1. Name the pairs: first residue in the range 216-240 and within 17 Å of Val133 (Cα to Cα), second residue of a type in the set (S, T, N, Q) and modelled with pLDDT under 95, Cβ to Cβ under 9 Å, at least 6 apart or on different chains?
2. Do we find a residue being of a type in the set (Gly, Ala, Ser) and more than 45 Å from the chain's Cα centre (by Cα) anywhere in the range 297-316?
3. Search the range 227-243 for residues being of a type outside the set (Val, Ile, Thr) and in contact with a helix residue (DSSP H, G or I) (Cβ under 6 Å, 6 or more places away or on another chain), and hand back the single one that is farthest from Leu115 (Cα to Cα).
4. Before we move on, is Ala274 closer than 16 Å to Ser125 by Cα, in contact with a helix residue (DSSP H, G or I) (Cβ under 7 Å, 6 or more places away or on another chain) and among the aliphatic types (A, V, I, L, M)?
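The values are calculated or read from the model by the stated rules, or taken from the named source; none is laboratory data. Only a predicted model underlies this, so the values are computations on that prediction, with no experimental measurement involved. Cβ placement follows ideal geometry from the backbone for every residue including glycine, while neighbour counts extend to all protein chains displayed.
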Amino acid sequence: MNTLWNIADLIDLHFFSRLDEELRRTDGEATLAKRDRLIYLAKIEPHLGKADAVPPRILVRKWLTMRRLQYQRERGHEGVPLPGTVWRELALLCQGLIFFCGLAAGLGLAGSLLLYSGTTPLNVSVYFGLFVVLQLAFLGLQVLLLGYRRLRRIPLESTVVYLLLGRALMRGLDSIRRRVQRTMTGSQRLDLAALAGGVHQRKELAALLIWPAFILVQLGGIGFNLGVIGATLAKVAFADIAFAWQSSLQLSAELVAGLVRWIAVPWSWAVPQAYPSLAQIQGSQMVLKEGVAHLATGDLVSWWPFLCCAVLVYGLLPRCLLLVLGIGQQRRALAQLHFATLGLRPLLQRMTAPRVDTNGVREIERSPRPCGPGKREQKPEKEGFRPSLCRRRPRSPQEGPGCPC
C-alpha cells in the first residue's frame with residue numbers, strides 16, 4: 001500500500017470530508033459511524049492490525065483509498081472525476097506548458113542572438129552575460145533569500161517571493177477552472193467552487209501549494225537552458241558561425257585566458273578541449289579598426305564548446321538541483337503533516353471506537369389460527385425465534401369450547 005501523501009490526496013480528503021458533512025446533516029452521525037466502522041473492520045484491520053500500532057496518516061490513507069473505490073462504484077457511470085484527479089491532470093498540464101514555454105523562449109532568444117551575417121563575429125561577452133551571468137544573478141538572489149529565511153527562522157509561506165509564486169499559481173488554476181467549468185453541469189460547478197474555496201481556507205494546503213509553484217519555475221528554467229543549448233548546437237552544426245571577444249577596457253589576452261580557465265574548472269578535468277587556449281583567445285580578439293580579415297577561422301570557432309558547457313554547468317545544472325530540492329521539500333512538508341490534528345479526529349474515532357447497536361428486536365404480528373392435534377402453535381413470532389409444537393391439555397369446566405392453547 002502506498003503511504004506517501006501528495007496534494008491530490010489532500011484535495012480528495014477535503015472533498016470527502018465535505019461530503020460527510022452533508023451526509024451528517026441529512027442522515028445523522030449514526031450513518032457515518034456505521035460506514036467508517038465497517039471500512040475499518042473489513043478492509044483496514046485485517047491487513048494492518050489493531051489501530052493502536054498504526055499511525056493516523058496510514059489509517060486515513062487506507063480509508064481514503066476505500067472511499068475512492070466506493071465513490072467510483074457509486075458514481076462511475078456519471079463520468080465525474082475526483083477533484084484530486086483534476087488537480088493532478090492540471091498540474092501535469094501546467095508543468096508541460098511551462099517547460100515548453102521556457103524551451104521556446106530559449107530557442108527564440110538564442111536563435112535571434114546567434115544570427116550571423118558573415119561580416120561581424122558574435123560577441124562572446126554578450127552571449128555569456130545574457131545566458132550565464134544573468135541566470136547566476138537570479139540564482140544567487142534566490143540562495144540569499146533562502147539563507148536569510150533560515151537564519152531568521154521565517155516560515156516559507158511568509159516570504160514575499162514564494163507568497164507571490166503561490167498566489168500566481170492559484171490565479172492560474174482559477175483561470176483554468178473558470179474555463180473548464182463551462183462544460184460542467186450546475187452541481188458540478190458548485191462542487192468545484194466549494195472545493196476551491198476550501199483549499200483557499202485550509203492553511204496547510206495553501207502552504208503546500210508554494211512548492212508546486214517553485215517546481216514550475218525550475219521547470220521553466222530547465223526548458224530555457226535546453227533551448228539555448230539546442231539553438232547553439234543547431235547553429236554550429238547547420239550554419240557557419242564565428243565568435244570573437246572585444247572590450248574597450250583594454251584587457252589583455254592573458255587576463256581573459258585566466259578568467260576563462262577559472263570559469264571552466266568544473267568541466268576542464270573531464271573535457272579539456274571545451275575551452276579556448278591562450279593562442280586561440282589571442283587569435284579571436286576583434287578590434288573594430290582592424291576588421292576581421294586577420295582573424296583565423298579555427299580561433300573563431302573555438303568558443304562554442306566553452307559557451308555550451310558554461311550554460312550547461314551554470315544554468316541547467318543548478319535548475320536541476322533546485323528541482324530535486326523542491327520535490328524533496330514538498331515530500332518533507334507532506335510527511336510532517338499531523339493527521340491527528342487536521343480535523344480528522346472524528347473520523348479516527350468512528351473507525352477505531354467499538355460500535356454498540358441498541359436496536360430492539362422487531363416483532364411480526366400475525367392473526368391467531370386454531371390449532372389442533374399435531375399442529376404448531378401460532379403465536380406472534382420474533383425474528384430468529386422458531387415456535388414450538390402446541391401441546392393439548394385437559395379442558396376445565398370453566399373454559400369454553402375451543403382449543404385450550
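1. As it stands, the answer is Gly221/Gln135; Phe224/Gln135; Asn225/Gln135, since those pairs meet every condition given.
2. yes
3. Filtering the range 227-243 down to residues of a type outside the set (Val, Ile, Thr) leaves 227, 230-231, 233-235, 237-240, 242-243.
Checking the rest, the ones that are also in contact with a helix residue (DSSP H, G or I) (Cβ under 6 Å, 6 or more places away or on another chain) come to 227, 231, 242-243.
Working: Gly227: 15, Ala231: 11, Ala242: 10, Phe243: 11 Å.
Looking at the filtered set, the residue picked out is Gly227.
4. Details: closer than 16 Å to Ser125 by Cα: no; in contact with a helix residue (DSSP H, G or I) (Cβ under 7 Å, 6 or more places away or on another chain): yes; among the aliphatic types (A, V, I, L, M): yes.
In short, no.
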